[in-house]
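Structure, as C-alpha cells:
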Amino acid sequence: MNMSVNQQTVDELKALFRVGHCVDIYKATAALARAITEELKPVSESEINAIWQSVVEPEDFAYVVQQNEKTLFGIPLLFKRYAEFVSSIGEHLGIELDDDDMMCDDWIADTMPKTRDIATALMELTVDYLSEASKKMKEETGTTPAEVFVQSINTGESFQQSQARLRHATQGLRVVKPKD
C-alpha cells in the first residue's frame, strides 16, 4: 500500500477538526462520509456517526465536552478509540482484512486519497496532542510520560508514584528562603 498523503490537506483537516484539546468528530465523520461516497461507495454521515458512537464506551464520557451546541471529544479519547473506529468503518463497508497483523486503516486503498488524508489527520491529531502533553509535562516536572511509564513498569509503582519519585529526583528539594 502506498499510503501517500497530501500533507497540506492533512494539516488543513487537522485545523478544521481540532478545537483546543478536543476534536469535532462530527466534522470528521461528515468529511469521511463524503470522501468514502466519492471514492468507494455510498455511505451516510449518520452511518459513520453510528460507528463512532458504537466504539465510545460509558467510561469515555469524561472526555466529552459540550461547547455551545456542539459535542466535542477530548483528543485522548480519539487516541484511545481511533483504531477501533477506523477498523469498524472498514468492516461496515464490507472490506475484509486478510491478515491479523494489518493496520486498522489498511482497508483504505490507494484509490481513496481523500479518505486516507482524513484518517491521517485524525491520527496525527493524537500524535500532536501527545507530543504537546509530553513537552508540557517535561517543562513542568522534568520528566516525560514515557520516562514515568518505564519507571512505573520497572518498579511496580503506580504512574503517579513514579511521577512523584522522578520529579523529586530531577528537581531536587527546593531551598526554603527565610522571610525578611
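From the list SER131, SER54, which one is closer than 20 Å to LEU13 by Cα and of a type in the set (Ser, Thr, Tyr)?
Values: SER54 fails: closer than 20 Å to LEU13 by Cα.
Just a single option satisfies the conditions, and that option is SER131.
Can you name the residue in the stretch 90-103 that is outside any helix (DSSP H, G or I) and at pLDDT 90 or above and, of all such residues, is surrounded by the fewest Cβ atoms within 10 Å (Cβ to Cβ)? Outline the logic, then answer.
Start the filter on the stretch 90-103 by keeping residues that are outside any helix (DSSP H, G or I), which leaves 93-103.
From what is left, the residues that are at pLDDT 90 or above are 93-94.
Numbers: LEU93: 14, GLY94: 8.
Step by step, filter the stretch 90-103, then rank; the result is GLY94.
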Does PHE79 satisfy being under 19 Å from HIS21 (Cα atoms) and surrounded by 16 or more Cβ atoms within 10 Å (Cβ to Cβ)?
yes
Only residues that are of a type in the set (Gly, Ala, Ser) and more than 18 Å from ALA119 (Cβ to Cβ): list them for the stretch 51-65, please.
ALA62
Residues (hydroxyl-bearing (Ser, Thr, Tyr) and either under 12 Å from the mean Cα position of the chain (by Cα) or closer than 30 Å to ALA109 by Cβ (or both)) located in the stretch 120-156:
THR120, THR126, TYR129, SER131
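When you scan the stretch 71-79, do you find a residue that is modelled with pLDDT under 90, over 18 Å from ASN49 (Cβ atoms) and either touching a Gly at 6+ places or on another chain (Cβ under 7 Å) or not basic (Lys, Arg) (or both), even just one?
Looking through the stretch 71-79, none of the residues is modelled with pLDDT under 90, over 18 Å from ASN49 (Cβ atoms) and either touching a Gly at 6+ places or on another chain (Cβ under 7 Å) or not basic (Lys, Arg) (or both).
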Subset of the stretch 20-37 (residues that are without any contact (Cβ under 8 Å) to a residue 60 or more places away in the chain and assigned to a loop (DSSP other than H, G, I, E, B)):
GLY20, ASP24
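Every residue, every condition in (1) buried (at least 17 other Cβ atoms within 10 Å of the Cβ); (2) outside any helix (DSSP H, G or I); (3) of a type in the set (Gly, Ala, Ser), yes or no:
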{"site": "ASP105", "(1), (2), (3)": "yes, yes, no"}
{"site": "ILE108", "(1), (2), (3)": "yes, yes, no"}
{"site": "THR111", "(1), (2), (3)": "no, yes, no"}
{"site": "ALA119", "(1), (2), (3)": "yes, no, yes"}
{"site": "ASP128", "(1), (2), (3)": "no, no, no"}
{"site": "GLU132", "(1), (2), (3)": "no, no, no"}
{"site": "GLU140", "(1), (2), (3)": "no, no, no"}
{"site": "VAL148", "(1), (2), (3)": "yes, no, no"}
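State all residues of the stretch 38-67 that are surrounded by 16 or more Cβ atoms within 10 Å (Cβ to Cβ) and free of Cβ contacts under 8 Å to residues at least 60 places away in the same chain; if no residue qualifies, say none. Full working, then the answer.
First pass over the stretch 38-67, keeping only residues surrounded by 16 or more Cβ atoms within 10 Å (Cβ to Cβ): 40, 43, 47-49, 51-52, 55-56, 63.
Hits for the stretch 38-67 are VAL43, GLU47, ILE48, ASN49, ILE51, TRP52, VAL55, VAL56, TYR63.
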Of residues in the stretch 150-162 being in a helix (DSSP H, G or I), at pLDDT 80 or above and of a type outside the set (Ser, Thr, Tyr), the one surrounded by the most Cβ atoms within 10 Å (Cβ to Cβ):
GLN151
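The values are calculated or read from the model by the stated rules, or taken from the named source; none is laboratory data. All values derive from a computational prediction rather than experimental measurement. Glycine gets a Cβ as well: all are built from the backbone with ideal geometry, and neighbour counts include every protein chain shown.
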